[in-house]
Amino acid sequence: MPLSMVQVSPESLGLPSGAVLAWLDALAADGLELHGFTLRRSGRVVAGGHWFPYGPERVHHVYSLSKAFAAVGVGLLVQEGRLGVEDRVVDLFPDALPPVVDGHLRAMRVEDLLTMRTGHAADVTDALVAAGDGDWAAAFLAQPVAFRPGTHFVYSSGASFMLSALVQRVTGGTLLDFLTPRLLEPLGFRGAHWVSNARGVNLGGWGLHLRTGDVARFGQLLLNRGVWQGRTLLAPAWVDAMSAAHVPPGTNPDDGNSDWAQGYGYQLWRCRHGAYRADGAFGQFCVVMPEQDMVLAVTAGVGDMGRVLDHTWTHLLGNAQESPLSPGADTEALRVRCAGLMLDVPEILDPPPLRDVRAHFTFSPNDEGWEAATLTVTSERGTLILDGRVPNTVRFTLNAWEEQTLNTWGTTVALTVRAGWQADGTLALTLLLIGDGARWEVRWPAPDAPVTVHLCAPHYGEGHTLSARASTLGA
């Protein structure tokens, strides 16, 4: 994060810089891969940074943190008098109803979508995705509603999609189109985009891409109960409704001491210590701490989201004081630390040895649909060609980060790749699907050894490795 984006020292607002350093140390000790963070207190940015090659101007998929923005879209419609939380879903989608509309479906309200109490026995998102180019709203309404809406909590991105769909139904434009002049532009967002389904409806429950600092400004808006720089963008009563525990604590089946068992509001989770948050898979966080007048935004690719919150409560929330503190050595140490954050990547030889390679590999059958790979290195340049369901050619320059795109999961994503020779003779490639927070590690240790591809969180789960045997080799 550029120094100018940090507005004041943590000490000036009662937070020791040493507490932020301890938080960073604890995350590193647990092997938690953060990509960026912004910490605000009393409306000012007191700390922040990005782990290179992530940076403050890159947008990052925030996954289910998107849901909070869907709730805001509905709230704006409510304050404009164009929708009510008691409106019935069947009345909003009369052309998408199943042949038989039972009493439970007929009773489902907009508020039941907001609180994830639609009456479904399980998450229905897969049924929507399976509809492909079809009508996702119709697929949602076709699912059996086992319980009376408003009585049974099931976390379901399908409900969040319906919030996006109803905003589009009412306004005629996408949820992002609706939010941009009313929320995103006043808050200073740049580069935001939202993935849509085949019918052009923003996914609602996921798919939103934002900068880390934009997430922090959104959290500040919530902390301010809808007011930004003296202007009310969102009705305070709606922010109160979003952050209240409509679903009582303990309803979620997690341990009662978990931050996922403190209650659920309108697309927001209640937390321990009087805090609340929007969150997304693999460590996307917008944590609002009203009692400490503090907001933390995080973009990441972690497997254990709970540990990020544990360290936040211990080091940040637990050390916030009411009175200003005197700056010390830790103040400068934190500034230097945040300016020099770098992603943990394999060590490589510099300068690189110049070694030409050409090898072809064949994968065993796998769920990713990869069939073969061809690795070529000539002097300082190289390519990795992946053949399969979605063929791709990855180009790299030894010992340098290189930007390009990759076709995967039915779309084109930004790719940042780095390659180099390690001391043991292994060629190591790090591929960052940088907008989605995913990471692939490719290793080729020797001419007679297989190439391995480690598919890291978020898309494939940590620890999932594919191996391909060499079928042809060349010098």
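The values are calculated or read from the model by the stated rules, or taken from the named source; none is laboratory data. Just so you know, these numbers come straight off a predicted model, no measurement behind them. Note that each Cβ is placed from the backbone with ideal geometry, even for glycine, and that neighbours are counted across all protein chains shown. The accessibility values were calculated without ligands, DNA or RNA, using every heavy atom of the protein model including side chains. Shrake-Rupley method; radii C 1.70, N 1.55, O 1.52, S 1.80 Å.
Residues in the stretch 78-92: is at least one under 25 Å from residue 219 (Cβ atoms), of a type outside the set (A, V, I, L, M, F, W, C) and open to solvent by 10 Å² or more (accessible area, probe 1.4 Å)? Looking through the stretch 78-92, at least one residue is under 25 Å from residue 219 (Cβ atoms), of a type outside the set (A, V, I, L, M, F, W, C) and open to solvent by 10 Å² or more (accessible area, probe 1.4 Å). I'd like to check something: does the stretch 249-260 contain any residue that is more than 15 Å from residue 67 (Cβ to Cβ), open to solvent by less than 70 Å² (accessible area, probe 1.4 Å) and modelled with pLDDT of 95 or more? Yes: the stretch 249-260 contains one or more residues that are more than 15 Å from residue 67 (Cβ to Cβ), open to solvent by less than 70 Å² (accessible area, probe 1.4 Å) and modelled with pLDDT of 95 or more.
When residues in the stretch 122-137 are screened for being under 20 Å from residue 64 (Cα atoms), hydrophobic (A, V, I, L, M, F, W, C) and in a loop (DSSP other than H, G, I, E, B), 2 of them pass. Within the stretch 106-116, at least one residue is assigned to a loop (DSSP other than H, G, I, E, B), within 22 Å of residue 281 (Cβ to Cβ) and of a type in the set (A, V, I, L, M). Note on the stretch 394-434: residues that are crowded, with 17+ Cβ neighbours inside 10 Å and among the small types (Gly, Ala, Ser) total 3. Whenever a residue of the stretch 136-149 is modelled with pLDDT under 95, it has no partner that is open to solvent by 30 Å² or more (accessible area, probe 1.4 Å) and β-branched (Val, Ile, Thr) lying with C-beta atoms less than 9 angstrom away and at least six residues away or across chains.
Taking the numbered list (1) touching a Lys or Arg at 6+ places or on another chain (Cβ under 9 Å); (2) more than 12 Å from residue 201 (Cβ to Cβ); (3) among the small types (Gly, Ala, Ser); (4) open to solvent by less than 20 Å² (accessible area, probe 1.4 Å) in turn, residue 156 passes all entries but (1). Out of the residues in the stretch 171-186 that are surrounded by fewer than 18 Cβ atoms within 10 Å (Cβ to Cβ) and touching a helix residue (DSSP H, G or I) at 6+ places or on another chain (Cβ under 6 Å), which is nearest to residue 265 (Cα to Cα)? Ranking the candidates gives 182 first. Examine the stretch 342-351 for a residue that is in contact (Cβ under 8 Å) with a residue 24 or more places away in the chain, out of contact with any helix residue (DSSP H, G or I) (no Cβ under 9 Å at 6 or more places or on another chain) and in a strand (DSSP E or B), and state whether such a residue exists. Checked against the condition, which is being in contact (Cβ under 8 Å) with a residue 24 or more places away in the chain, out of contact with any helix residue (DSSP H, G or I) (no Cβ under 9 Å at 6 or more places or on another chain) and in a strand (DSSP E or B), the stretch 342-351 yields at least one hit. Within the stretch 423-432, is there a residue that is at pLDDT below 90, in a strand (DSSP E or B) and closer than 29 Å to residue 195 by Cα? No, the stretch 423-432 contains no residue that is at pLDDT below 90, in a strand (DSSP E or B) and closer than 29 Å to residue 195 by Cα. Taking the stretch 10-104 as the region of interest, the helices (runs of 4 or more DSSP H) fully inside it that hold 3 or more residues being touching a residue at least 60 places away in the same chain (Cβ under 8 Å) and among the hydrophobic types (A, V, I, L, M, F, W, C) are 17-29, 66-79. The set of residues in the stretch 102-129 that are surrounded by fewer than 14 Cβ atoms within 10 Å (Cβ to Cβ) and either over 16 Å from residue 206 (Cα atoms) or in contact with a Phe, Trp or Tyr (Cβ under 6 Å, 6 or more places away or on another chain) (or both) comprises 102, 103, 121, 122.
Among the numbered conditions (1) assigned to a helix (DSSP H, G or I); (2) free of Cβ contacts under 8 Å to residues at least 24 places away in the same chain, the only one that residue 173 does not meet is (1). Scanning the stretch 381-413 for residues that are modelled with pLDDT of 90 or more and in a loop (DSSP other than H, G, I, E, B) yields 399, 400. For residue 337, the conditions (1) over 30 Å from residue 159 (Cα atoms); (2) touching a residue at least 60 places away in the same chain (Cβ under 8 Å); (3) open to solvent by less than 20 Å² (accessible area, probe 1.4 Å) are fulfilled apart from (3).
Of all residues in the stretch 262-279, none are surrounded by fewer than 23 Cβ atoms within 10 Å (Cβ to Cβ), over 28 Å from residue 59 (Cβ atoms) and among the polar types (S, T, N, Q).
Output the residues belonging to the stretch 50-76 that are of a type outside the set (Ser, Thr, Tyr), surrounded by 24 or more Cβ atoms within 10 Å (Cβ to Cβ) and in contact with a Gly (Cβ under 7 Å, 6 or more places away or on another chain). Answer for the stretch 50-76, where residues must be of a type outside the set (Ser, Thr, Tyr), surrounded by 24 or more Cβ atoms within 10 Å (Cβ to Cβ) and in contact with a Gly (Cβ under 7 Å, 6 or more places away or on another chain): 50, 60, 61, 62, 65, 67, 70. Within the bounds of the stretch 296-313, is there any residue that is more than 20 Å from residue 206 (Cβ to Cβ), among the aliphatic types (A, V, I, L, M) and in contact with a strand residue (DSSP E or B) (Cβ under 7 Å, 6 or more places away or on another chain)? Yes - at least one qualifying residue is present in the stretch 296-313.
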